[in-house]
Amino acid sequence: MAKPEYEFFPVADVDYTVCPGDDPKITERILSSDPDTGVATRILRYEPGADSTPMGVQKHDFWEEVYILEGSFTDLSLNRTFTAGMYACRPPGMPHGPWRTDEGVVTFEVRYRA
């Protein structure tokens with residue numbers, strides 16, 4: 001299966017849901033996904049004060065591209081803060097996080113298989 005076909009639609013019509021890890025301050029809007037492969041396009045939101053430390057360092061078996069739309073967050077492993085307008089492209093297996101934000105952050109993410 002593949003992601004479904006969509007013509008333009010208002011992203012605001014897609015509700016935010018709590019991400020895996022069950023922290024109500026970390027939510028996502030899944031814009032498109034393939035349930036068979038897990039690839040997805042989403043908007044990720046960390047509310048002010050969110051901290052993903054309980055989820056630890058993340059590594060995925062898929063490519064992940066991330067663009068920060070608003071705000072900032074800090075990768076606690078790198079001790080580096082990333083801000084709006086910055087972009088990351090992570091190959092499968094690349095460690096990242098955990099993350100913490102004081103002001104909140106919103107990202108646009110695309111996940112796909114090689």
| request: State all residues of segment 60-114 that are basic (Lys, Arg) and at pLDDT 95 or above; if no residue qualifies, say none. | output: ARG80, ARG90, ARG100
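Among the residues of segment 91-114, what is the count of those that are acidic (Asp, Glu) and surrounded by fewer than 16 Cβ atoms within 10 Å (Cβ to Cβ)?
Number satisfying all stated conditions: 2.
This table checks each residue for (1) surrounded by 17 or more Cβ atoms within 10 Å (Cβ to Cβ); (2) under 21 Å from THR101 (Cβ atoms); (3) of a type in the set (A, V, I, L, M, F, W, C); (4) touching a Phe, Trp or Tyr at 6+ places or on another chain (Cβ under 8 Å).
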{"position": "PRO24", "(1), (2), (3), (4)": "no, yes, no, no"}
{"position": "VAL39", "(1), (2), (3), (4)": "yes, no, yes, yes"}
{"position": "ARG45", "(1), (2), (3), (4)": "yes, yes, no, yes"}
{"position": "ASP51", "(1), (2), (3), (4)": "yes, yes, no, yes"}
{"position": "GLU65", "(1), (2), (3), (4)": "no, yes, no, yes"}
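Listed here are the residues, each with its yes/no results for (1) polar (S, T, N, Q); (2) over 19 Å from GLY38 (Cβ atoms).
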| position | (1), (2) |
| --- | --- |
| GLN58 | yes, no |
| LEU69 | no, yes |
| PRO92 | no, no |
| ARG113 | no, no |
| request: Consider only pairs whose beta carbons are under 7 Å apart and that are at least six residues apart or on different chains; among these, list those whose first residue lies in segment 20-35 and is polar (S, T, N, Q) and at pLDDT 95 or above and whose second residue is assigned to a strand (DSSP E or B) and open to solvent by 40 Å² or more (accessible area, probe 1.4 Å). | output: THR27/THR17; THR27/VAL18; THR27/ARG45
| Of the numbered conditions (1) in contact with a Ser or Thr (Cβ under 7 Å, 6 or more places away or on another chain); (2) open to solvent by 70 Å² or more (accessible area, probe 1.4 Å); (3) more than 17 Å from THR101 (Cβ to Cβ), LEU69 satisfies every one except a single condition; which is it? | (3)
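The values are calculated or read from the model by the stated rules, or taken from the named source; none is laboratory data. As the structure is a computational prediction, the values presented were derived from the model and not from experiment. Every residue, glycine among them, receives a Cβ derived from its backbone with ideal geometry; neighbour counts consider all protein chains shown. These area figures cover heavy atoms from the full protein model, side chains too; ligands, DNA and RNA do not enter into them. Shrake-Rupley method; radii C 1.70, N 1.55, O 1.52, S 1.80 Å.
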